[in-house]
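Working notes for the structure below.
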Amino acid sequence: MYGVVTRNKPEVDWPEFDLAFFEVKDVTGRPAEPIDNAVNMVSCFGDNAAATDNPDLVPIDEEGTPATRDQTYFDWAYICPTHEKYRAGLLEIISDCAAVHGDVRLDDVGFPREGYCHCDRCERQFADSQFEDWSKWRAAVITDFVADAAERIPGRTYLTLYPDPYPGHLFERAGLDIEALAEHVDEFVVPLYDLDYGTTYWLETIARGFRSALGGAYDLDGAEPETPFSIELYAVDVDIDNLIHATEVAEVYCKDVLYGYDASQAAATIRRKGADSRDGKTYHPE
């Protein structure tokens, strides 16, 4: 199936799309009301507005460096996953979304990077926990949050993964324990964004890596992995022929292909791909 990720309500009903994801809260902190004809999508621990309004929410490393857009590698500001009031607010948003549409997608879940967070609250909670290993404690924090969220979602729980399938990397980077999360998640979504898709060998490599990381059972004969995953492609200003080729590469390995933030380009790609795949007849003069 082909789907769209959008901030524009009318686009979720376009006939080219089999499914749609609507951003209720994005990394800017911009809020929107959930809708009943799309999977509502919540940026959990990415929130520029909250970080600006309350710097105490922002994770810090051992040197006290905050995880904000001012730092290298961060495209948006992060919120510490152990902040109880913020978590409670997120769970309330997720509950509101689930009440409108049974499926919900959790986006931007996890700690910012390796080394985060060492705020006083995290240090205290780790010291009071049953864990001796800090990395395992971080993973438990994230898994507990996803479990709490999934309990509020009566339908399908989607979870976005950072596009790094190398063994151990998601665990070390963000505190994402894939095996533990799979107990609560129905489907993962992996954004593989490029501004051009002029070459796709890297896309194929990452897609194949996630097929292995998520159970290895997604064979080329069509069997699904233990936890299915979809791939999200970037559609803004991307050449349609390149986007078609990226789609053809991605869909070999994943359940569905989604297109981000340009519904017109996505719809045109789907139409063109469908037209190209249909058999035609050639007529010659008698």
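Laboratory data are not the source of any read-out in this text; all were calculated from the coordinates shown. Please read all numbers here as calculations on a predicted model, not as lab measurements. As a convention, Cβ positions derive from the backbone with ideal geometry for all residues, glycine included, and neighbour counts pool all protein chains shown.
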Seminar exercise, completed: The extension gain from Thr28 to Ile240, computed as 0.36 nm times the residue separation minus the Cα-Cα distance, is 73.5 nm
Problem set entry | Cβ charges +1 (Lys, Arg) and -1 (Asp, Glu), total dipole of the chain, debye | 320 debye
For this session: Determine ³J(HN,Hα), in whole Hz, for all residues of the range 129-134 in sequence, where each value follows from phi through the Karplus function 6.51 cos²θ - 1.76 cosθ + 1.60 and θ = phi - 60°; x replaces Gly and Pro.
Result: 8, 8, 8, 9, 9, 4
Exercise. Which angle from 0 to 90°, rounded to the nearest 10, does the C-alpha axis of helix 84-100 make with the longest principal axis of the chain?
Worked result: 30 degrees
Problem set entry | Farthest toward positive dipole pole in the chain [+1 Lys/Arg, -1 Asp/Glu at C-beta], among Gly215, His184, Thr65 | His184
Problem set entry | Cα long-axis angle, helix 201-213 against the chain (0 to 90 degrees, to the nearest 10) | 60 degrees
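When Cys119, Cys44 are ordered from fewest to most other Cβ atoms inside 10 Å of their Cβ, what list results?
Numbers: Cys119 20, Cys44 27.
By the 10 Å Cβ count, ascending, the order reads Cys119, Cys44.
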For this session: Give me the angle, in degrees from 0 to 90, between the Cα long axis of helix 240-250 and the longest principal axis of the Cα atoms of the chain, rounded to the nearest 10.
Result: 70 degrees
For this session: Consider a paramagnetic label point 7 Å from the Cα of Arg156 along Cα→Cβ; state which residues of the range 1-39 have an amide N under 13 Å from it.
Result: 1-4, 18-22, 38-39
Exercise. In the set [x] 20.0, 87; [y] 19.0, 63; [z] 17.8, 56, which value of Rg and Dmax of the Cα atoms in Å was calculated from the structure you see?
Worked result: [x]
Problem set entry | Whichever lysines have a C-alpha closer than 17 Å to that of Lys9, once near sequence neighbours (fewer than 8 apart) are set aside | Lys25
Exercise. Got the relative contact order for the chain handy, in percent, Cα pairs under 8 Å and 6 or more residues apart?
Worked result: 16 percent
Exercise. At 222 nm, what helix-only mean residue ellipticity would the chain give, in deg cm²/dmol to the nearest 500, using -39500 (n - 2.57) for each DSSP H run of four or more?
Worked result: -10500 deg cm²/dmol
For this session: Distance between Cα centroids, the range 81-153 to the range 165-196: provide it in whole Å.
Result: 15 Å
Problem set entry | Theoretical FRET efficiency, 1/(1+(r/R0)^6), r = Cβ-Cβ of Asp276 and Trp14, R0 30 Å, to 0.05 | 0.95
